[in-house]
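Notes to accompany the following structure.
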Amino acid sequence: MSTITETGLLAGRNLRRFAKSPQLVADAVMFPLILLFLMLLVFGELVGAATHGGRYIDRLAPVIVLFSAAYGAVGTGVGFFTDLRSGIVDRFRSMNISRLSVLAGRIVGDLVRAVLVAAVTTAVAHLAGFRFTGGPLAVLGFFAVVALFAWIFLWLAVVVAMAASSEQAVSGALNTPVTLLLFLSSGFVPVEQFPGWLQPVVRANPLSLAGDALVGLSGGGPVLLPVLFTGAWAVAATVILVPLAVRLYK
Amino acid sequence: MYGGGVEVEHLRKVFGRKTAVEDVSFTVEPGAVVGLLGPNGAGKTTVVNCLSTLVPLDGGRASVAGHDVAGDPAGVRASIALTGQFAAVDGVLTGRQNLVLFGRLLKLDRRAAAARAEELLTAFGLGEAADKPVASYSGGMRRRLDLAASLVVKRPVIFLDEPTTGLDPAGRQEMWEIVSGLREEGATLLLTTQYLEEADRLADRIVLIDHGRVIAEGTPGELKKRVGGQVCEVRAEPREQVLRTLRERFGDVVESGGTVTVRGADSETLAEVVAVLREACVEADDIQLRRPTLDEVFFVLTGRAPARRTGEEARS
């Protein structure tokens, strides 16, 4: 019971820090939005023509929402690294609170943040023509998938933060895979447009899979399979990263 | 409250190939203040980290407030307040928000945490800055907040890891007053410092540590005695002549910073020095008998000078 209270307090601290850091907020919200409009302007017509009449925004917005979640994990990694180095984590560890609540507080707080940022991104995408057509349950499912996807990258971020030797190393180690996943996903460009040998990678990319799930949940299309695949990624991340994070933390 | 203070027996800690702490033993009696004194890298922080359950021991045993560090870490954590070397507070939050957060984590309810925060902010001279973000605080204010954060809930044993490192003289003075206050309240205190004057001023007993080993232990007075009696300081011109004259008569004479010092002195030495100088027709500006400083103790025991404050002469 007290672990839950502690986690809540520490998650609240992380959210409060985020809300009080204008440049963090601007970065977390603005960058994905800039990307959204840039892609829409540059590739909109091009890709639109290649997707047999489907609207590009319907595919693009979910991917940008997911990207904002993965991109936010860079902030998680850097933030956790700063906490570790500044001594505040040592203070938490020397207090008689559950040691896991520090990790849990970080993950829960940043999960909430990821969903909030996703909501803002979705709202702006709405202005650009993105629509939910599946009813309130589908909207709920949409954000649940976003959280599931964020979960993978948040654990990756805390593991990287504990293993890295500098702040630059943390952001470097997270920025590269996040950016790669974005460009090697089926969100910007349909899978068929990639060279054949790259297509399996694009298909297995969690960003493509979760993107498919979000497309299904917002505009209609297959939902079950992509959600299951996203879930599989989340389970794999949980099995590998969570024990690793806990061990590194102890 | 618990029984014991801090007991450390043959503590050993190895990081990779480097032995950080080797066979360190000492005791802090309940209500006593012990200063763990040593230069940078001597192993002081490692000892504190072992005692506060942040890192596991590699050998020996230690107990804090009656709880074994290895066997009952939760019990240890419930008995200690730790103020680390770096101000471990949240820079984005305000001072008040920090203290409320720590209070709530330590199971105070909302109202009690707010009241305790207010009390500590006032007591530590942070009342005016209470609702400003900690990032805007001075170094001294951050340290005070850090110490306050560790005292949100009263604990029988307090660890202070280099509480004044990096502070300006005014900040250090304020910190010393706060620590003296804790001492008067009867807290058991283990304090690490590289500053001899700090240990001399705050601690009942000093454990001198260098390269991970205890090299001396005792009250400040006992340690000074180990260097051998007192020293006689002479300020007089011309210095070379004074030095020569005194060296002819006494064994251990050194010169530094315009002062000629005769070591191993007592009151008879003082009289002799006065006589010798009169014979040589030297008029002394100042002659005094004093106990050796801890710098001198350190030098005698380790063969090298201890770490120094930079930018100012901290010795009294």
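Using alpha carbons only, how many angstrom separate the centre of segment A:140-201 from the centre of segment B:126-204? Using only Cα atoms, the two centres lie 44 Å from each other. Taken residue by residue and averaged, Cβ atoms of other chains lying within 10 Å of the Cβ of B:78-85 number 3. The dipole here belongs to segment A:3-249: it is taken about the Cα centre, uses +1 on the Cβ of Lys and Arg and -1 on the Cβ of Asp and Glu, and is about 600 debye.
Sequentially through segment B:31-41, phi angles give Karplus couplings (6.51, -1.76, 1.60; θ = phi - 60°) of x, 9, 10, 10, x, 8, 10, x, x, 3, x Hz, Gly and Pro residues having no value and appearing as x. In this simple spin-label approximation, A:Leu244 and B:Glu177 carry label points 7 Å from Cα along the Cα→Cβ vector, and these lie 5.2 nm apart. The GluC sites (Glu not before Pro) of segment B:261-297 that DSSP puts in a loop, and whose beta carbon has at most 11 other beta carbons within 10 Å, are B:Glu283.
Hydrophobic long helices, here whole DSSP H runs in chain B with Kyte-Doolittle means of at least 0.0 and Cα atoms spread over 27 Å or more along the helix axis, are not found. Each Lys and Arg Cβ is given +1 and each Asp and Glu Cβ -1; about its Cα centre, the protein assembly as shown then shows a dipole of about 1920 debye.
Between the Cα long axis of helix A:224-249 and the first principal axis of chain A there is an angle of about 20°, rounded to the nearest 10.
Given contacts defined as C-alpha pairs under 8 Å and at least six residues apart, what's the relative contact order of chain A, whole-number percent? Answer for chain A is 27 percent.
Counting 0.36 nm for each residue step from A:Ala147 to A:Leu228 and taking away their Cα separation leaves a gain of 27.7 nm. The mean count of C-beta atoms from other chains within 10 Å of the C-beta of residues in A:82-93, rounded to a whole number, is 6. Could you tell me how many degrees, from 0 to 90 and to the nearest 10, lie between the Cα long axis of helix A:22-50 and the main elongation axis, the longest principal axis, of the Cα atoms of chain A? Relative to chain A, helix A:22-50 is tipped by roughly 20 degrees.
Report summary: the helix-based calculation at 222 nm, which adds -39500 (n - 2.57) for every DSSP H run with n ≥ 4 and divides by the residues of the protein assembly as shown, gives -18500 deg cm²/dmol.
Since every read-out is calculated from the coordinates, none of them should be taken as a lab result. Nothing here was measured: the structure is a model prediction, and the numbers come from that model. Using ideal geometry, Cβ is built from the backbone for each residue, glycine included, and neighbour counts are taken over all protein chains shown.
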